[in-house]
Amino acid sequence: MTERERFVKTLRREPVPGRVPTFELEFYLTMEALGRVHPSHRRYGQWKQMSAREQALHLRDMAEVFVGFARKYGHSAIHVNAAPGGTETKIRVLEYIREMSGDEFALLVYCDPTFSIPGGGNMMEFSERLYEDSEGLHKEAQLRTMSVLCETEWIAKTGLIDGVCMCSDYCFNTNPFFSREMFAEYIAPYLKQAIGACRDMGLCTIKHTDGNIMPIIDMMAECGPDAIHSLDPQGGVDLAAVSRDWGGKVALCGNVNCALLQTGTLEECDADIRRALRDGMARGAGYVFCTSNCAYTGLPLERYERMNRIWREEGVYA
């Protein structure tokens, strides 16, 4: 069974032999790990001036980085989150990855049309619209949904991808930005529509949001994603409780505490890694081991590799 097959089965909550699958939504530590700049950190300001040959070399190099860290750390899936030039170049990166690795990894791309927590620059304006411009927000939400799904369908028709990551953030560490009423009106219908459309394309769906999802986790699960990521302990998410209450309906990804991974003692770090493995694997299926956010810039590589080593040694189904 390939890692690709094991990952897809896990998202479907089917048991897999051996180690619990792992991946990262983003893995930015490529300079330390591979001596290569991560694709999303590069500057392609002269992309349109490059020759076709130079563009192809850049895209192949990006694919090598994605495959390189996935192989080094035993990831079962790769989320292709960066490509200059739009959808066509993203497809070429995916083609290069498949050329290099065959069916070794599940390949994922971004697909999330739903509103997320607005940035500081437009938070007041967006908040006002929630109360004063319902019609306009619904029109915008539907246009976003159709646009994102059009791109996803274009990629899906190539047969290169297995699923999508839906990465709009809804929650702070203390509580969701959207009330349950607002979530039901402005988020859930479009999230459900996008998930259903992706399923019709034959794709798995992973819904990501950081923070305290507990007040809305039932609404997220009812939208029908295959998995929820990142189950953030810094937002008070208890993996054991979520697995007990929702593990039969949706696969679970994450929960290793990034704060402890970065700044905790080695003892705290190790204990938290083992806790996530224990609680996530308790059902015997439907869990993907990973951080509660991503392997972000500034996270000590030695801590990530410590986490990876414990997973290799102890994250094995009996």
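The values are calculated or read from the model by the stated rules, or taken from the named source; none is laboratory data. As the structure is a computational prediction, the values presented were derived from the model and not from experiment. As a convention, Cβ positions derive from the backbone with ideal geometry for all residues, glycine included, and neighbour counts pool all protein chains shown. Just so you know, the surface numbers come from the protein's heavy atoms only, side chains and all, with ligands and any DNA or RNA stripped out. Shrake-Rupley method; radii C 1.70, N 1.55, O 1.52, S 1.80 Å.
Structure summary
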item: Scope the stretch 37-51; condition crowded, with 16+ Cβ neighbours inside 10 Å and either aliphatic (A, V, I, L, M) or touching a Ser or Thr at 6+ places or on another chain (Cβ under 7 Å) (or both); matching residues; result: H38
item: Cβ pairs under 6 Å, 6+ apart, first in the stretch 46-73 and touching a residue at least 60 places away in the same chain (Cβ under 8 Å), second surrounded by 13 or more Cβ atoms within 10 Å (Cβ to Cβ); result: Y73/N308
item: Top-ranked residue of the stretch 111-134 - restricted to ones that are among the acidic types (D, E) and surrounded by 12 or more Cβ atoms within 10 Å (Cβ to Cβ), ranked as farthest from the chain's Cα centre (by Cα); result: D133
item: Flag if R309 is without any contact (Cβ under 8 Å) to a residue 12 or more places away in the chain, more than 18 Å from C167 (Cα to Cα) and assigned to a helix (DSSP H, G or I); result: yes
item: Meets criteria (closer than 25 Å to D169 by Cβ and either touching an Asp or Glu at 6+ places or on another chain (Cβ under 9 Å) or at pLDDT 95 or above (or both)) for H38; result: yes
item: Matching residues in the stretch 253-276 - criterion: being open to solvent by 10 Å² or more (accessible area, probe 1.4 Å), closer than 18 Å to G315 by Cβ and within 19 Å of the chain's Cα centre (by Cα); result: N257
item: Some residue of the stretch 36-51 being over 18 Å from the mean Cα position of the chain (by Cα), of a type outside the set (V, I, T) and under 29 Å from M281 (Cβ atoms); result: no
item: In the stretch 52-110, residue least open to solvent (accessible area, probe 1.4 Å) [restricted to those that are touching an Asp or Glu at 6+ places or on another chain (Cβ under 9 Å) and of a type in the set (S, T, N, Q)]; result: S76
item: Tally of residues being touching a helix residue (DSSP H, G or I) at 6+ places or on another chain (Cβ under 9 Å), of a type outside the set (D, E) and not in a loop (DSSP other than H, G, I, E, B) across the stretch 201-229; result: 10
item: Pair list, Cβ < 7 Å and 6+ apart or interchain, from the stretch 253-266 residues that are assigned to a helix (DSSP H, G or I) to residues that are open to solvent by 40 Å² or more (accessible area, probe 1.4 Å) and not polar (S, T, N, Q); result: L260/E268
item: Top-ranked residue of the stretch 141-176 - restricted to ones that are of a type in the set (F, W, Y) and open to solvent by 40 Å² or more (accessible area, probe 1.4 Å), ranked as farthest from the chain's Cα centre (by Cα); result: W154
item: Residue match in the stretch 53-62 (condition: in contact with a strand residue (DSSP E or B) (Cβ under 9 Å, 6 or more places away or on another chain) and within 22 Å of R6 (Cβ to Cβ)); result: no
item: Qualifying residue in the stretch 6-20 (condition: touching a Phe, Trp or Tyr at 6+ places or on another chain (Cβ under 6 Å) and more than 21 Å from C258 (Cβ to Cβ)); result: no
item: Whichever residue in the stretch 277-318 is closer than 20 Å to L29 by Cα and among the aromatic types (F, W, Y) and, among such residues, is surrounded by the most Cβ atoms within 10 Å (Cβ to Cβ); result: F289
item: Complete set of residues in the stretch 159-181 that are under 20 Å from E24 (Cα atoms) and out of contact with any Gly (no Cβ under 9 Å at 6 or more places or on another chain); result: L160, I161, G163, V164, C165, M166, C167, S168
item: Restricting the stretch 190-199 to residues that are open to solvent by 10 Å² or more (accessible area, probe 1.4 Å) and touching a residue at least 40 places away in the same chain (Cβ under 8 Å), the residue that is farthest from E153 (Cα to Cα); result: Y190
item: Hits in the stretch 200-228 (condition: more than 26 Å from T158 (Cα to Cα) and touching a Cys at 6+ places or on another chain (Cβ under 8 Å)); result: T209, D210, G211, N212, I213, I216
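Let's see how each residue does on (1) crowded, with 23+ Cβ neighbours inside 10 Å; (2) in contact with a Gly (Cβ under 6 Å, 6 or more places away or on another chain):
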position	(1), (2)
E185	no, no
L203	no, yes
H208	yes, no
N212	no, yes
I217	no, no
A221	no, no
G224	no, no
P233	no, no
D238	no, no
